[in-house]
Amino acid sequence: MELLKMENISKSFSGVEVLHNVSLHIETGEVHALLGENGAGKSTLMNILAGIYTKDGGTIWFNGKEMDHSTIKEIENTGISFVHQELNIFNDLQVYENLFLGKEIKNKFGKLNKKQMIKETRDLMQSLGVDIDPTELAGNLNTSKKQLLEIAKTIYADAKLFIMDEPTTALNNEEIDRLFGIIRKLKTERKTFIFISHKMPEIFEIADTYTVLRNGEFISSGFIQDVTPEEVTKYMVGENYSSSGIYEERKLGETVLEVKDYCGKGFQNVNFKIREGEIIGLTGLQGAGTSELMQTIFGALKAESGQLFVHGREMTGNSIRKAMKNGIAMVAANRKENSILPDMTILENMYVSENVIHNKRQHISRKEEVKKYDKLKGMLNIKANSCDDNITNLSGGNQQKIILARWMNTKADIILFDNPTQGIDVGAKSEIYKLIMKLSKEGKTIFVNTLEIPEIQKIADRCIVFYHGNVQAELEHEKINEETVMLYATNAVYSKERQV
Ligand SMILES: Nc1ncnc2c1ncn2[C@@H]1O[C@H](COP(=O)(O)OP(=O)(O)OP(=O)(O)O)[C@@H](O)[C@H]1O
Ligand SMILES: [Mg+2]
């Protein structure tokens with residue numbers, strides 16, 4: 001039975017058409033992957049379905065009825081529940097208050113029934129296998145817990161159709177497995193899902209059917225079992241996609257960064273030397289300490305003991321300002337919480353870091369900044385109308401590209417990338433790897449922290465594998481492969497190759 005039929009949907013923002021006659025058909029009980037490059041129109045189409053944006057043209061049938069000019073609330077009531085790409089958690093409210101916002105349980109005197117709401121929250125979290133205290137202030141949760149709360153909120157709504165727009169970006173593999181378990185269970189109850197993700201393995205694991213959009217147009221639709229990841233990628237990016245090798249061997253320079261017995265929150269006794277122009281992959285299971293190590297090198301977290309040398313000079317009393325002055329830049333994970341300045345324009349978001357480093361407070365040459373922006377826009381294939389638009393008008397992946405541009409725009413010679421391709425489509429991922437390779441050829445030293453080992457395999461000269469805050473192995477480029485890395489990351493073997 002057809003649950004949802006969207007026909008010939010069109011939408012423009014300030015005269016620019018971002019959806020053109022797009023159709024989407026969904027059967028009851030299926031997991032339907034909605035695929036496309038950054039800016040293809042996926043979130044916009046879903047925002048139209050949820051009543052957040054009004055469509056300019058086309059029709060929508062849901063559960064046999066035409067939906068026209070319905071409000072967000074009316075649409076929710078017909079049984080559509082939405083996990084948004086960007087988190088919508090109120091940090092000042094407790095977990096259970098977030099869950100029951102607008103649907104509070106009241107007793108017969110109209111008073112809030114706090115006890116009941118806390119109990120139901122606890123039961124829900126338990127059934128989802130999520131360790132979150134209902135009375136915790138949401139602001140105290142880390143990003144992955146916030147994402148889980150967002151998912152819990154959606155699932156709590158007793159809906160027919162669940163829209164999940166990149167629900168797994170902050171989750172670790174175990175949490176993703178658990179989410180997939182829940183989706184499979186709900187499927188047996190004839191619940192239907194629209195699932196958006198840029199991670200191909202996820203799509204091929206969980207989806208039954210797919211629709212691909214490109215540049216706001218419908219491209220193709222069908223059963224997942226009838227296509228390969230390569231074919232789907234071709235649909236997404238057009239014919240000009242090539243997955244050719246990116247890694248090139250280069251001559252490396254002198255040591256530019258060294259840590260000796262470095263200890264901090266989440267990692268201990270780390271020792272390594274990195275050479276000019278080198279690309280280092282950092283990996284481990286979620287929570288292995290690699291992200292904390294990067295944040296400490298960047299001065300966002302305090303080092304506890306040990307030493308950090310940059311160009312042979314010890315950097316004491318670490319702070320972000322000091323790191324930046326020493327030519328260290330960092331693209332932080334979880335852009336919405338850590339990187340985006342939501343009230344500022346695209347251009348301002350790009351030049352803000354460069355400005356801090358060079359102390360150019362009094363005078364910013366707009367002409368110069370626009371020139372640099374145009375160059376980076378071309379290099380990173382950023383899809384944006386005007387650089388004076390608010391950054392939040394961009395699609396999620398294009399916001400991420402602006403954050404990459406922010407740091408490429410500084411003259412930093414050591415760049416720390418924490419999960420840089422979060423929410424980035426497959427085509428643009430290759431562009432970013434190529435760019436990283438190019439930067440390294442220009443002599444920049446680069447760290448990439450990621451859980452995606454194929455990313456490391458494509459670009460890194462060396463891979464440092466962590467387990468519980470300790471360096472478990474250092475693998476040279478030709479030894480980097482998924483199986484070897486996982487052996488060390490899970491502590492299945494203790495490395496003999498470890499260099500201390
Ligand atoms: N509120 C808005 N105002 C102006 N333009 C917008 C707005 N929302 C989206 N757009 C534009 O519409 C296009 C489609 O964006 P959308 O967010 O739907 O992409 P997406 O497919 O979800 O991409 P991603 O994978 O990066 O999240 C983009 O070019 C984006 O800049
Ligand atoms: Mg999107």
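In segment 108-153, what residues are of a type in the set (A, V, I, L, M), in a helix (DSSP H, G or I) and out of contact with any strand residue (DSSP E or B) (no Cβ under 9 Å at 6 or more places or on another chain)?
Step one: list which residues in segment 108-153 are of a type in the set (A, V, I, L, M), which gives 112, 117-118, 124-125, 128, 130, 132, 137-138, 141, 148-149, 151-152.
In the following step, the residues that additionally are in a helix (DSSP H, G or I) were identified as 117-118, 124-125, 128, 138, 148-149, 151-152.
Selection gives MET117, LEU124, MET125, LEU128, LEU148, LEU149, ALA152.
Quick one: would you say ASN91 is modelled with pLDDT under 95 and more than 15 Å from ligand 1 (Cβ to nearest atom)? When the stated conditions are applied, ASN91 passes them.
Here is the figure for segment 7-60: residues that are of a type in the set (S, T, N, Q), free of Cβ contacts under 8 Å to residues at least 24 places away in the same chain and either touching a helix residue (DSSP H, G or I) at 6+ places or on another chain (Cβ under 9 Å) or more than 16 Å from ILE194 (Cα to Cα) (or both) total 1. I'd like the full set of residues that are over 26 Å from ILE424 (Cα atoms) and away from ligand 1 (no atom under 16 Å from the Cβ), limited to segment 10-56. Hits for segment 10-56 are GLU27, THR28, GLY29.
Matching residues to (1) at pLDDT 90 or above; (2) part of a loop (DSSP other than H, G, I, E, B); (3) under 25 Å from THR283 (Cα atoms):
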{"position": "THR392", "(1), (2), (3)": "no, no, no"}
{"position": "ALA405", "(1), (2), (3)": "no, no, yes"}
{"position": "THR410", "(1), (2), (3)": "no, yes, no"}
{"position": "PHE417", "(1), (2), (3)": "yes, no, yes"}
{"position": "LYS429", "(1), (2), (3)": "no, no, yes"}
{"position": "SER440", "(1), (2), (3)": "yes, no, yes"}
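Listed conditions (1) over 20 Å from the mean Cα position of the chain (by Cα); (2) under 30 Å from MET324 (Cβ atoms); (3) touching a residue at least 12 places away in the same chain (Cβ under 8 Å) are all met by LYS438, apart from (3). For segment 182-225, filtering for residues that are in contact (Cβ under 8 Å) with a residue 40 or more places away in the chain and assigned to a helix (DSSP H, G or I) leaves 7.
Grab the strands (runs of 3 or more DSSP E) fully contained in segment 1-40, keeping just those with 3 or more residues being under 15 Å from GLY64 (Cα atoms). Reasoning before the result, please.
Numbers: elements: 2-13, 16-27, 31-35.
The qualifying strands (runs of 3 or more DSSP E) are 2-13, 16-27.
Collect the residues in segment 10-25 that are out of contact with any Ser or Thr (no Cβ under 9 Å at 6 or more places or on another chain) and either surrounded by 15 or more Cβ atoms within 10 Å (Cβ to Cβ) or within 27 Å of ASP208 (Cβ to Cβ) (or both), keeping them in residue-number order. Once the filter is applied, which keeps residues that are out of contact with any Ser or Thr (no Cβ under 9 Å at 6 or more places or on another chain) and either surrounded by 15 or more Cβ atoms within 10 Å (Cβ to Cβ) or within 27 Å of ASP208 (Cβ to Cβ) (or both), segment 10-25 yields only SER10.
Does ASN77 satisfy being at pLDDT below 90, away from ligand 2 (no atom under 16 Å from the Cβ) and either surrounded by fewer than 18 Cβ atoms within 10 Å (Cβ to Cβ) or not in a loop (DSSP other than H, G, I, E, B) (or both)? Against the criterion (at pLDDT below 90, away from ligand 2 (no atom under 16 Å from the Cβ) and either surrounded by fewer than 18 Cβ atoms within 10 Å (Cβ to Cβ) or not in a loop (DSSP other than H, G, I, E, B) (or both)), ASN77 qualifies.
Test LYS367 against the criterion of being assigned to a helix (DSSP H, G or I), surrounded by fewer than 18 Cβ atoms within 10 Å (Cβ to Cβ) and more than 18 Å from the chain's Cα centre (by Cα), and give yes or no. It would help to see each step written out before you state the result.
Working: assigned to a helix (DSSP H, G or I): yes; surrounded by fewer than 18 Cβ atoms within 10 Å (Cβ to Cβ): yes; more than 18 Å from the chain's Cα centre (by Cα): yes.
Against the criterion (assigned to a helix (DSSP H, G or I), surrounded by fewer than 18 Cβ atoms within 10 Å (Cβ to Cβ) and more than 18 Å from the chain's Cα centre (by Cα)), LYS367 qualifies.
I'd like the residue in segment 426-457 that is of a type in the set (Asp, Glu) and over 21 Å from GLU482 (Cα atoms) and, out of all such residues, is surrounded by the fewest Cβ atoms within 10 Å (Cβ to Cβ).
By that ranking, first place goes to GLU442.
Within segment 180-220, the set of residues being surrounded by fewer than 17 Cβ atoms within 10 Å (Cβ to Cβ), hydroxyl-bearing (Ser, Thr, Tyr) and closer than 26 Å to ALA428 by Cα comprises SER220 only.
Of all residues in segment 380-392, those that are within 20 Å of ASN215 (Cβ to Cβ) and near ligand 1 (Cβ under 10 Å from one of its atoms) have Cβ atoms under 6 Å from Cβ atoms of residues that are small (Gly, Ala, Ser) and part of a loop (DSSP other than H, G, I, E, B), 6 or more apart or on another chain, in LYS383/GLY39.
Is it the case, given these coordinates, that LEU87 is under 30 Å from the mean Cα position of the chain (by Cα), assigned to a strand (DSSP E or B), under 21 Å from ILE155 (Cβ atoms) and within 16 Å of ligand 2 (Cβ to nearest atom)? So LEU87 fails the test.
The values are calculated or read from the model by the stated rules, or taken from the named source; none is laboratory data. Remember, it's a predicted structure, so these values are computed and weren't measured experimentally. Note that we place each Cβ from the backbone using ideal geometry, even for glycine, and neighbour counts take in every protein chain shown.
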